Structure formats: structure tokens, C-alpha cells
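Please read the structure below before turning to the comments.
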Amino acid sequence: MPGVFVRRAEFEDQSRILALIGDEATQLAKRYGIFDVTNMIETASLGITAVDDKGDVIGYAAFFDYPYLTPSIDSVAWPSWLHKNFGHPELAAANTAWLSFFIADPICHTEVAENILRTAFTTLPEVDSLLFALPSDVRPFAPIRDTFDPLTSLSDEADTSIFLCPRGLYLPELLVREARVEDHDDLDPVFNAQSQVLSDRYGEFFIAELIASQDESNRALVAEVDGHAIGLMGCSGDIDITILQECFELEPYGGLMTPPPLPRRTRQRRPRPMPTRGVRARERGASPPRWPRWPSRPARRRRRRRRRRRRPMRRRRRSRRA
């Protein structure tokens, strides 16, 4: 049996994927409908190609954020359709991906599917479940039927069968929590399997001492699987920034320092223009001109009275001339 290796799909894989499809095009059309390999390679959220020792393509899978080859399901509102017809409200667009196309060499299709699905879960850490859709009149095929479990339909209106593959089938579900001193027994074999230098330099119980010395600036986290700690991460806030700046090029990152706040910009008022007539007059030694004042109300009344008195005299003069 040839070895199976997986990688991201490339545009050059198109011809070899079509050669792998070969005489199965009619059968694949019943499963997926009308499909275009070139378009799937370019638009898939994740395309994975499986090759053997010689580099020949022996499998291909295309993953999308929605049921790409199922036009009866809306590409945007598919979560509502799924919850209505199959339940499982925990499945949402944020934690679910769709296996829209799968083809593999019949000789090693089980190994191809296993490697592709494990790689898909590893590459998409936010995905908890993979969904696979088939028409209701098409029976599930190997190796899909060995990996994906059918969902029970809650409605007779659905003309599509949905299958689910959980993440825990290929990758263990990790529980990240704060480290405890009793985690030493689980973590000691993990560290010793990778290096004996740490135990020789810091002592046999350095892991327990590291966990016990936690405070506000130093924290330790462990990853737990089936009740056993399998990994440790130590985080510290006591960092000498000066040494890091001397040893590494940190200018693109601002030297790992918080930039000082920008000064507050104050709006500058524009100076008011000074009058020029009076200034020039003072420079010549003359008194500046006075602006005309608007007459007061009594003065305006007196002017009106004078005008009224003059009107009849003008009329008399005109009549005499006539």
C-alpha cells in the first residue's frame, strides 16, 4: 500500500484530479450534482490534495463554509434550515464547515480520508464539526459512511441527507485550565521524553516548584485530555525589555513599549485684522477719521418735522409758476 501524504491543493492539480475522476464522473454527478474542479480549487475555503510516494494525486477534498454543491440549501441561511430539519442548535456557521467534494483512489480511500479529515481539523482550529450532504436517494459510500454519522431528519420536507463528523474523532478535545501541583506526575514523563537537561539543571521537582510559585505576575496553564495533563505553558509579566531590545530588532514593534500619549491639539485662533485707516493717519500725525454716527431718535423726529413744513411751500411755488 503506498504512503499517503497531504498538502494544500494547487491549480496544477486540476488535470490530475480530473484523471482520478475518470469514469466515475457519472457517479459523482449523482452525488454532488454539477461540479467544476477548477472553480472549487480557486474558491474553496480549504482544498486538500492527497499524493503518494511518487507524487501522484490519489485523493482530493474541498471544504466550504456552506453547502457549495447543494443549491437547494441557502448558502447564507443554512443554519436555520439545519436547525429546523435536523435540530442540533450547537451547529453554527462559526464552528462548522462543509465537506462539499471528496474523491479518492479506491485502493487507499480509507487512509486518504483519514489523513484529509485530520488535516482539515488541524488547519481549522475553530471548526468543531464537519458536515456532508447527499441527496436523499443516494446511499452513503465508503469511506464517508465509516466516518460520518447520519443526522435524524425532523421533517419530511428535506430532500437532502446530512452527515456529521465530530472533531473529537480525529483530535482530542483539550481542556485548558490553571496548573496545579498534582499535575507534576503527568507532566514529568512529557518533559523527560524530550530532554533530560532540565531535570539535571533545575532538579527533579522543578515542575512542581514552577507551578507552586505562581503569583500575579507569573501564571502556569496546562492542557488536559481525559483527566491527564499533557502540556504546560508558563507565562510571566516580569520581563527585562532592555535586554530584548539589545538582542532583537524590535523597532517595527515599537520596542515592545507602549507609545506615549499624543499631545492634545489646541485650536489656534486667527488674529483679528487691525484697522488700517486710523493707524496710517496717526503715522502721518493727523487725527484718525471718525465714523459717522447714526442719528438718535429725537434727531430723526426733528428732521421729519422740518420736511413736513417744507412740503406746502414747494407746492405754492409750483402753482405760482404755473
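The values are calculated or read from the model by the stated rules, or taken from the named source; none is laboratory data. Owing to the predicted nature of the structure, the values given are computational and were not obtained by experimental measurement. Because the Cβ atoms are built from the backbone with ideal geometry, glycine has one as well, and the counts that use them run over all protein chains shown. Note: accessible area is taken over every heavy atom of the protein model, side chains too, but ligands, DNA and RNA are not part of it. Shrake-Rupley method; radii C 1.70, N 1.55, O 1.52, S 1.80 Å.
So if I check each of Phe64, Phe101, which one is surrounded by 13 or more Cβ atoms within 10 Å (Cβ to Cβ), at pLDDT 95 or above and within 21 Å of Asp146 (Cβ to Cβ)?
Phe101 is the lone residue from the list that is surrounded by 13 or more Cβ atoms within 10 Å (Cβ to Cβ), at pLDDT 95 or above and within 21 Å of Asp146 (Cβ to Cβ).
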(request) Keeping to region 148-165, report how many residues are β-branched (Val, Ile, Thr) and open to solvent by 20 Å² or more (accessible area, probe 1.4 Å). (result) 1
(request) Look at Leu221 and say whether it is under 33 Å from the mean Cα position of the chain (by Cα) and part of a loop (DSSP other than H, G, I, E, B). (result) no
(message) Every residue in region 137-186 that is under 30 Å from Ala223 (Cα atoms) and part of a loop (DSSP other than H, G, I, E, B), please.
(response) Phe148, Tyr170, Leu171, Pro172, Glu173, Leu174, Ala179, Arg180
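Can you work out which of the residues in region 126-136 that are part of a strand (DSSP E or B) and within 32 Å of the chain's Cα centre (by Cα) is surrounded by the fewest Cβ atoms within 10 Å (Cβ to Cβ)?
For region 126-136, the residue satisfying everything is Ser129.
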(message) Looking at Val181, Val197, Val190 in this structure, which one is over 33 Å from the mean Cα position of the chain (by Cα), open to solvent by less than 100 Å² (accessible area, probe 1.4 Å) and without any contact (Cβ under 8 Å) to a residue 24 or more places away in the chain?
(response) Val197
(message) Cβ-Cβ distance below 6 Å, separation of 6 or more or different chains: which pairs start in region 1-26 with a residue that is among the small types (Gly, Ala, Ser) and open to solvent by less than 50 Å² (accessible area, probe 1.4 Å) and end on one that is outside any helix (DSSP H, G or I) and at pLDDT below 95?
(response) Gly3/Asp53
(request) Answer yes or no as to whether Leu91 is crowded, with 19+ Cβ neighbours inside 10 Å and part of a strand (DSSP E or B). (result) no
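Restricting to region 163-188, name every residue that is acidic (Asp, Glu) and closer than 24 Å to Asn115 by Cα.
Passing the criteria: only Glu173.
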(request) State whether one or more residues within region 126-140 are within 27 Å of Gly59 (Cβ to Cβ), modelled with pLDDT under 95 and basic (Lys, Arg). (result) yes
